[in-house]
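The values are calculated or read from the model by the stated rules, or taken from the named source; none is laboratory data. Here the structure is a predicted model, which means the values were calculated and not measured. Every residue, glycine among them, receives a Cβ derived from its backbone with ideal geometry; neighbour counts consider all protein chains shown. SASA here: full protein model, heavy atoms, side chains in, ligands and nucleic acids out. Shrake-Rupley method; radii C 1.70, N 1.55, O 1.52, S 1.80 Å.
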Amino acid sequence: MIKFTIITCTYNAAREVGRTLDSVLTQTYHRVEHLIIDGASGDATMQLVRAYEHESEERETDHELVVVSEPDSGLYDAMNKGIGLATGDYVLFLNAGDVFPSAQTLELVAAAVGDGEALPGVLYGDTDIVDASGRFLSHRRLHPPKKGLSWRSFSNGMLVCHQAFYARTDLAKRNLYDLTYKLSADVDWCIRVMKEAERQQLPLKYVDMVVVNYLDGGLTTKNHRRSLIERFQVMRHHYGLPLTLWKHLTFLFR
């Protein structure tokens, strides 16, 4: 049975983090490690996390739970800390406000990996967008391909939502987030992980289901213009200037 490491990064997230913790707590899959990486929150975030720890103990779940609360250099620094601590076969990010669609989500993802086969470099699925109350708003506009995903695919945009991208932990540990990017390091990270998977001839496997309900209005949404500039820089680095310019022209007509 494969083991999942869920990384939840928080900072003053008391309004959103409760439903994320509940979503992890109710997962029926057993081989789960949950890392909560908090940036020394000044609100009630850690009180909720401590209550979550207590409830996990009372329910006698066999989920492993690790909590770190200390100052960091931002979201991507916190994510790197989580990757450094991860002991699962796959790492996935479920940040404050994001939830699994059902209590069986991780069971179904694990079942998609056939017994006896080499672990795919990446497991990926679909994403729904929800509001602050968890109400469905829409399917994510960009959809991942069911076949043929590669690092080159992201020249057409981030086809797989970051939270729907489960990276093999060994690949993730060799490809930490580039902290020179403040808003689009996740795009760069996904591309580099897929490049590493290709070098090792590891497949990227589509899980034919919605694997995350993503909270509308995240960091890049709130800083839309700056994130677009950074994404251009990421794409230019990986795909070259001519292709990046051409793809951005086509984006205007989507």
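Is it the case that the range 230-243 has a residue that's of a type in the set (D, E, K, R) and either touching a strand residue (DSSP E or B) at 6+ places or on another chain (Cβ under 9 Å) or modelled with pLDDT of 95 or more (or both)? Yes - at least one qualifying residue is present in the range 230-243.
In the set (1) charged (D, E, K, R); (2) within 15 Å of Val207 (Cβ to Cβ); (3) out of contact with any helix residue (DSSP H, G or I) (no Cβ under 9 Å at 6 or more places or on another chain), Arg140 fails one condition alone, (3).
The condition (being of a type in the set (Gly, Ala, Ser) and open to solvent by less than 50 Å² (accessible area, probe 1.4 Å)) is satisfied by just one residue among Ala118, Ala103: Ala103.
Listed here are the residues, each with its yes/no results for (1) in a helix (DSSP H, G or I); (2) basic (Lys, Arg); (3) open to solvent by less than 80 Å² (accessible area, probe 1.4 Å).
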{"site": "Tyr166", "(1), (2), (3)": "no, no, yes"}
{"site": "Tyr177", "(1), (2), (3)": "no, no, yes"}
{"site": "Cys190", "(1), (2), (3)": "yes, no, yes"}
{"site": "Val207", "(1), (2), (3)": "no, no, yes"}
{"site": "Arg231", "(1), (2), (3)": "yes, yes, yes"}
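Run Asp72 past the list (1) among the acidic types (Asp, Glu); (2) farther than 25 Å from Glu196 by Cα; (3) out of contact with any His (no Cβ under 7 Å at 6 or more places or on another chain); (4) open to solvent by 70 Å² or more (accessible area, probe 1.4 Å) and report the number of the one that doesn't hold. The number of the failed condition is (4).
Close contacts from the range 111-136, counting a first residue that is under 20 Å from Thr28 (Cβ atoms) and touching a residue at least 24 places away in the same chain (Cβ under 8 Å) and a second that is open to solvent by less than 30 Å² (accessible area, probe 1.4 Å) and of a type in the set (Ser, Thr, Tyr), with Cβ to Cβ under 7 Å and a gap of 6+ residues or different chains, come to Leu123/Tyr90; Leu123/Tyr166.
The C-beta contact set for the range 222-244 (first residue polar (S, T, N, Q), second residue open to solvent by less than 90 Å² (accessible area, probe 1.4 Å), distance under 7 angstrom, 6+ apart or interchain) comprises Asn223/Leu183; Ser227/Leu183; Ser227/Ser184; Ser227/Thr220; Thr244/Phe232; Thr244/Met235. Here Val160 clears all of (1) surrounded by 18 or more Cβ atoms within 10 Å (Cβ to Cβ); (2) in a helix (DSSP H, G or I); (3) free of Cβ contacts under 8 Å to residues at least 40 places away in the same chain except the condition numbered (2). Of all the listed residues (Gly88, Gly114), the sole one being in a loop (DSSP other than H, G, I, E, B) and at pLDDT 95 or above is Gly88. Figure legend. Inter-residue proximity from the range 31-58: first residues over 13 Å from Glu16 (Cα atoms), second residues in a helix (DSSP H, G or I) and open to solvent by 60 Å² or more (accessible area, probe 1.4 Å), beta-carbon distance below 7 Å, spacing 6+ or different chains. Indicated pairs: Leu35/Leu85. Taken as a whole, the condition of being of a type in the set (Asp, Glu) and modelled with pLDDT of 95 or more does not apply to Asp131. Quick check on the range 135-157: of everything there that is surrounded by fewer than 21 Cβ atoms within 10 Å (Cβ to Cβ) and of a type in the set (Phe, Trp, Tyr), which residue is nearest to the chain's Cα centre (by Cα)? Within the range 135-157, the match that is nearest to the chain's Cα centre (by Cα) is Trp151.
Scan the range 121-134 for residues that are surrounded by fewer than 17 Cβ atoms within 10 Å (Cβ to Cβ) and acidic (Asp, Glu) and the total you get is 1.
Quick one: would you say Asp170 is crowded, with 20+ Cβ neighbours inside 10 Å and assigned to a helix (DSSP H, G or I)?
no
Exactly one residue out of Ile36, Ile7 is touching a Phe, Trp or Tyr at 6+ places or on another chain (Cβ under 6 Å) and open to solvent by less than 30 Å² (accessible area, probe 1.4 Å): that is Ile7.
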